[in-house]
Amino acid sequence: MNFTILVNKENPLLEDYVPDDLQRIGSFCSESDKMLVKEACINFEIMCADALKDNMNIKAISAYRSYDYQKKLYEYYIKTRGLKYASKCSAKPGYSEHQTGLAVDVMGENGDYNLFGKTKEFKWMMKNSYKYGFILRYPSDKEKITGYKYEPWHYRYVGKKLAATLFLENITLEEYYLRD
Ligand SMILES: [Zn+2]
């Protein structure tokens, strides 16, 4: 499993791509039946356990999503909100990071992921998530680079080493690949 894989609007996954070592996230930090790739899952659980020690309640509300699930989700957004909204706020099937099993959407104690950016849990994540290998994937000042609007709830596991690089240099995964 390549933890540094780049999936975005230019770099899709194959329709039949399914990570081979998905693991269910512990119920103390997840809604039921959410899965991540094993190494991402273990580090997510450790991160949430450490956050709990600081009275931060972080919960996964979406993690691995199959191609078919993403297809249904995208079609739902087009139907209810229109193509323009769908393409800015959701990913076409095959183009979602969630299909890698390395991306996770979270919420804090207020129970609303849309408002996660205003929570104390978000502040904690901004300070600490890279130590566990997770980065904020779609920052507010990088919308033109990532192609996605700001998503304070969406985190991506890239491994601890790369996460530290991206965090310290304040760059996105796209900028990291452009640089190489
Ligand atoms: Zn997400």
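Could you please find all residues in the stretch 41-53 being over 17 Å from Lys118 (Cα atoms) and of a type outside the set (Phe, Trp, Tyr)? Listed by number, the residues that qualify are Cys41, Ile42, Asn43, Glu45, Ile46, Met47, Cys48, Ala49, Asp50, Leu52, Lys53.
If you filter the stretch 157-180 down to residues that are charged (D, E, K, R) and at pLDDT 95 or above, you find that the one that is nearest to Ala63 (Cα to Cα) is Lys160. Restricted to helices (runs of 4 or more DSSP H) entirely inside the stretch 1-97, those with at least 2 residues that are touching a Cys at 6+ places or on another chain (Cβ under 8 Å) and surrounded by 13 or more Cβ atoms within 10 Å (Cβ to Cβ) are 38-53, 67-81. Which ones in the stretch 154-168 are within 13 Å of the ligand (Cβ to nearest atom) and buried (at least 23 other Cβ atoms within 10 Å of the Cβ)? Of everything in the stretch 154-168, those that are within 13 Å of the ligand (Cβ to nearest atom) and buried (at least 23 other Cβ atoms within 10 Å of the Cβ) turn out to be Tyr155, Arg156, Tyr157. The single residue among Glu143, Glu109 that is among the charged types (D, E, K, R), more than 19 Å from Met35 (Cα to Cα) and either in contact (Cβ under 8 Å) with a residue 40 or more places away in the chain or surrounded by 19 or more Cβ atoms within 10 Å (Cβ to Cβ) (or both) turns out to be Glu109. Looking across the stretch 96-114, the residues that are more than 13 Å from the chain's Cα centre (by Cα) and either within 11 Å of the ligand (Cβ to nearest atom) or at pLDDT below 95 (or both) come down to Glu109, Asn110, Gly111, Asp112, Asn114. Within the stretch 144-153, the set of residues being charged (D, E, K, R), within 15 Å of the ligand (Cβ to nearest atom) and over 14 Å from Met126 (Cβ atoms) comprises Lys149 only.
Hey, does the stretch 116-126 have a residue that's aliphatic (A, V, I, L, M) and touching a Phe, Trp or Tyr at 6+ places or on another chain (Cβ under 8 Å)?
Yes, because at least one residue in the stretch 116-126 is aliphatic (A, V, I, L, M) and touching a Phe, Trp or Tyr at 6+ places or on another chain (Cβ under 8 Å).
Filtering the stretch 109-145 to residues that are of a type in the set (Gly, Ala, Ser) and under 19 Å from Glu31 (Cα atoms) leaves only Gly111. Condition (residue is at pLDDT below 95, within 18 Å of Pro12 (Cα to Cα) and out of contact with any Gly (no Cβ under 7 Å at 6 or more places or on another chain)) applied to the stretch 119-140: is it met by at least one residue? No, the conditions are met nowhere in the stretch 119-140.
Scan the stretch 115-144 for residues that are under 14 Å from the mean Cα position of the chain (by Cα) and outside any helix (DSSP H, G or I) and jot them down. Gly133, Phe134, Ile135, Leu136, Arg137, Tyr138, Pro139 - these are the residues of the stretch 115-144 that are under 14 Å from the mean Cα position of the chain (by Cα) and outside any helix (DSSP H, G or I).
The values are calculated or read from the model by the stated rules, or taken from the named source; none is laboratory data. Please read these numbers as outputs of a predicted model, since none were measured by experiment. With ideal geometry, Cβ positions are generated from the backbone for all residues, glycine too; neighbour counts draw on all protein chains shown.
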